[in-house]
Amino acid sequence: LHAERFEMSDTVTHIKKMAFANSNIGTFIMSAQLKNYQSDIFTGANIETMIFPEGTTDIVGQLLGKANSITEVELPSTLESLTSNEFTDCQGLEKITILNPNISFPDDAALPENVVIYGFNGSTAQEYAESKGFAFMPIE
């Protein structure tokens, strides 16, 4: 698949193994209803930006595993928490925008050293960034 922008239908709840392997996608908008997927769905893919739309309440495990080309991720206000492994293989990640001012972070989130966290002033994103030594940029 080669596309500047790909928006997954909100009717999609499952993704099969290697579904987007070797794809080249500028902006990928995930399904808010995704609940299950097989491993390695993004192996070898070149995806610049991953957006999780409003309505997303959970990012299941290592969904972005082997998606090391992603440079930017946007998380919606409906996402309540992160686990320690959503971004394990995202070494190219430079920017993560967090729209929930009260999102919960694990102590051991696997974020690359150079990532800049964007969030609201006074948010848990700012608190997390400052406590872990990440750069923080406020959004309006």
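Things worth noting here:
- In the set 70, 59, only one residue is crowded, with 19+ Cβ neighbours inside 10 Å, closer than 16 Å to residue 40 by Cβ and either under 12 Å from the mean Cα position of the chain (by Cα) or small (Gly, Ala, Ser) (or both); that residue is 70.
- Inter-residue pairs, beta-carbon under 6 Å, first over 17 Å from residue 76 (Cα atoms) and in the stretch 118-137, second modelled with pLDDT of 95 or more and surrounded by fewer than 16 Cβ atoms within 10 Å (Cβ to Cβ), 6+ apart: 135/116
- Yes/no for residue 64 being modelled with pLDDT of 90 or more and surrounded by 20 or more Cβ atoms within 10 Å (Cβ to Cβ): no
- Counted residues, the stretch 97-109 - those being surrounded by fewer than 16 Cβ atoms within 10 Å (Cβ to Cβ) and either more than 20 Å from residue 85 (Cβ to Cβ) or touching a residue at least 24 places away in the same chain (Cβ under 8 Å) (or both): 5
- One residue alone among 94, 80, 48, 4 is charged (D, E, K, R), under 19 Å from residue 118 (Cα atoms), open to solvent by 60 Å² or more (accessible area, probe 1.4 Å) and free of Cβ contacts under 8 Å to residues at least 24 places away in the same chain, and that residue is 94.
- So residue 23, is it over 23 Å from residue 123 (Cβ atoms), touching a strand residue (DSSP E or B) at 6+ places or on another chain (Cβ under 9 Å) and either at pLDDT 90 or above or surrounded by fewer than 18 Cβ atoms within 10 Å (Cβ to Cβ) (or both): yes
- Output for the stretch 115-132, where each listed residue is over 17 Å from residue 87 (Cα atoms) and either loosely packed, with under 12 Cβ neighbours inside 10 Å or of a type in the set (Phe, Trp, Tyr) (or both): 120, 121, 122, 131
The values are calculated or read from the model by the stated rules, or taken from the named source; none is laboratory data. Bear in mind the structure is a predicted one, so any value in this text is a computation, not a measurement. When we count neighbours, we look across all protein chains shown, and the Cβ atoms used for this are built from the backbone with ideal geometry, even at glycine. Heavy atoms of the whole protein, side chains included, go into the accessibility calculation; ligands, DNA and RNA do not. Shrake-Rupley method; radii C 1.70, N 1.55, O 1.52, S 1.80 Å.
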